[in-house]
Amino acid sequence: MSLLLLLFAPGLFAIYWIIRLQICLSRVRYLVDTYGLSRKKIQPLKCKEVKKLREKIDELRAANDAYGLEALIKPFRA
């Protein structure tokens, strides 16, 4: 049984990281497509920071705060 675990563990670990990477890339793609942000300016951000940025954008959109939204997005625009 432990031999099977040793054989399948790297595969499961790789699948986990591939799924995590795809989720992060999807978040970046959404921000680039929807708000016209630059991939090069978003690239240094970690996945958690991209998630926080999207949550802040969603909060500002829900509050109809156009000036706050523009101030948040402006540094990341192309």
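The values are calculated or read from the model by the stated rules, or taken from the named source; none is laboratory data. These numbers come from a predicted model, not from an experiment. Glycine gets a Cβ as well: all are built from the backbone with ideal geometry, and neighbour counts include every protein chain shown. Side chains are part of the model used for accessible areas, which takes the heavy atoms of the whole protein and leaves out ligands, DNA and RNA. Shrake-Rupley method; radii C 1.70, N 1.55, O 1.52, S 1.80 Å.
Annotations
- All positions within the range 15-39 that are of a type in the set (Phe, Trp, Tyr) and surrounded by 13 or more Cβ atoms within 10 Å (Cβ to Cβ): Tyr30, Tyr35
- Filter result (open to solvent by less than 40 Å² (accessible area, probe 1.4 Å), under 13 Å from the mean Cα position of the chain (by Cα) and of a type outside the set (Val, Ile, Thr)) within the range 48-69: Leu53
- Matching residues in the range 21-47 - criterion: being of a type in the set (Lys, Arg) and under 10 Å from the mean Cα position of the chain (by Cα): Arg27, Arg29, Lys46
- Condition check for Leu72: assigned to a helix (DSSP H, G or I), touching a Gly at 6+ places or on another chain (Cβ under 6 Å) and open to solvent by less than 80 Å² (accessible area, probe 1.4 Å): no
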